[in-house]
Amino acid sequence: MPADFEGRILSAWPLHERQRVFEMGCIIQSPAIGLAELAARQALGQRSAGWWECELADDRLTWTAGIYRIFGFQDGARVARSDTVACYVEDSRVKMERLRSIAVSAGSAFVLDAQIRPADGEADRWMRLMGTAVRGEDGLVTHLQGLKFQI
């Protein structure tokens, strides 16, 4: 990865219009979206990619199987956010935390290519982290969610 690479903050999605937006992009409103969303999450979990979510109130993580593989944790294990943050190589950790903080405070989205050191001792790897803030009914950001891809 280029040494001068910086994460990107994305603000083009109308996150305040929740009924027209889901996870990482816009959709045409459809009653079948629940099935499509589930299928996408399951498909991502079968590769070195996956869907993730972090509840801000307690830092509780929800992952598909692909995220466990990327980070080198046993599939389905209870993993604390602090354990995953510790996997990030220092420079990537600093950038990730900065973009995460901005996303929470501004209700925005971000993309970052980050280097991690998997928990299982495998070789360092790069992943693309895509995240977006999700607001609750009161308009406050309640959690972050997105996709991660091994690159």
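Here's the picture: a label point sits 7 Å out from the Cα of residue 120 along the beta-carbon direction, and within region 51-74 the residues with their amide nitrogen under 14 Å of it are 65-74.
Efficiency by 1/(1 + (r/R0)^6): what FRET value for residue 48 and residue 105, r their Cβ-Cβ distance, R0 = 22 Å, to the nearest 0.05? So the FRET efficiency works out to roughly 0.10. Ranking of 129, 61 by solvent-accessible surface, largest first: 61, 129 (1.4 Å probe, protein heavy atoms only, all chains present).
Modelled this way, with points 7 Å down the Cα-to-C-beta line, the labels at residue 128 and residue 57 are 3.3 nm from one another.
The values are calculated or read from the model by the stated rules, or taken from the named source; none is laboratory data. Just so you know, these numbers come straight off a predicted model, no measurement behind them. As a convention, Cβ positions derive from the backbone with ideal geometry for all residues, glycine included, and neighbour counts pool all protein chains shown. In case anyone asks, the SASA skips ligands and DNA or RNA and just uses the protein heavy atoms, side chains included. Shrake-Rupley method; radii C 1.70, N 1.55, O 1.52, S 1.80 Å.
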